[in-house]
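Visitor: Got a structure for you, questions after.
Rule-based calculations on the coordinates, nothing more; no lab input. Given the structure is predicted, the values throughout are model-derived calculations rather than measurements. Reconstructed Cβ throughout: ideal geometry from the backbone, glycine too, with neighbour counts over all protein chains shown.
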Amino acid sequence: MTPDRLREALRGVPDPDWLDTALRRVTAEPATVTGSFAAAGRRCGRDDLPELPGWTADDAARVLLLAALPGDHATYADTLYRHGDAAEKRAVLRALPLLPIGAAGVPLLHDAIRTNDTRLVAAALGPYARHLDPSAWRQAVLKCVFMGVPLAVVADLDERADGELAGMLAALAAERAAAGRTMPADATDLLDRLAAQAGQPHPREA
């Protein structure tokens, strides 16, 4: 995702002049981001963006506001996340890949993954999740399976999935089978792919 794509998708927001003004003000007066961030849903709307599946207008506007800051991105991201509602938290998580903060936003990912809000868990596993260490990342993927979050939201899933994740998924599949429950289809497909890569039979067939 890039700021240009977000701006293009926001062409039809109810109040484009407000967004343009807010972005200019944030650049000149960074502290104004707090008020603009909270107002984005009201001024830009919360409708889905047809050009960006899974994104809403307020999501995109808030990401642009954070990206427009001239500095202190990590500090503002942390503050806006800690004091925001669920929609604002999700926007911060989605903005992280666009901010020059290195791994400073990782604590926000850990916080989001601990919640039971599927929107936050999904947002936390976007491109910025490359900063999660392998153990935390595997646990987050497993939580997606538990919560029914589609694995399609997990960035770099096939590149990062490994034997340890396969073992965790296999254990969960066995546990569910014993209880007469099934695994989500995308988790089963991932387990199949991992077993094939390892040259091993699927745990259901072993």
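Visitor: Just need the Rg to Rh number for segment 71-129, please, alpha carbons only, Kirkwood Rh.
Guide: Rg/Rh: 0.91.
Visitor: Given a Förster distance of 22 Å, report the FRET efficiency between D117 and T79 from their Cβ-Cβ distance, rounded to the nearest 0.05.
Guide: Computed FRET efficiency for D117 and T79 comes out at 0.70.
Visitor: Any chance you could check the Cα centroid distance between segment 87-162 and segment 1-39 for me, in angstrom?
Guide: Computed from Cα coordinates, the inter-centre distance equals 24 Å.
Visitor: Return the calculated 222 nm mean residue ellipticity for the chain, to the nearest 500 deg cm²/dmol, obtained by summing -39500 (n - 2.57) across DSSP H runs with n ≥ 4 and dividing by the residue count.
Guide: -18500 deg cm²/dmol
Visitor: Averaged across orientations, what area in nm² does the convex hull of the alpha carbons in segment 1-109 project?
Guide: Average of the hull's projected areas for segment 1-109 equals 6.0 nm².
Visitor: Give the span of segment 98-206's Cα atoms along each principal axis, as three whole-Å numbers ordered largest to smallest.
Guide: 46, 28, 19
Visitor: Let me know the whole percent of all Cα-Cα pairs from the chain that are separated by more than 22 Å.
Guide: Roughly 52 percent, rounded to a whole number.
Visitor: Mind checking the full-extension length gain between R176 and R7? Use 0.36 nm per residue of separation minus the Cα-Cα distance, one decimal, nm.
Guide: 56.4 nm
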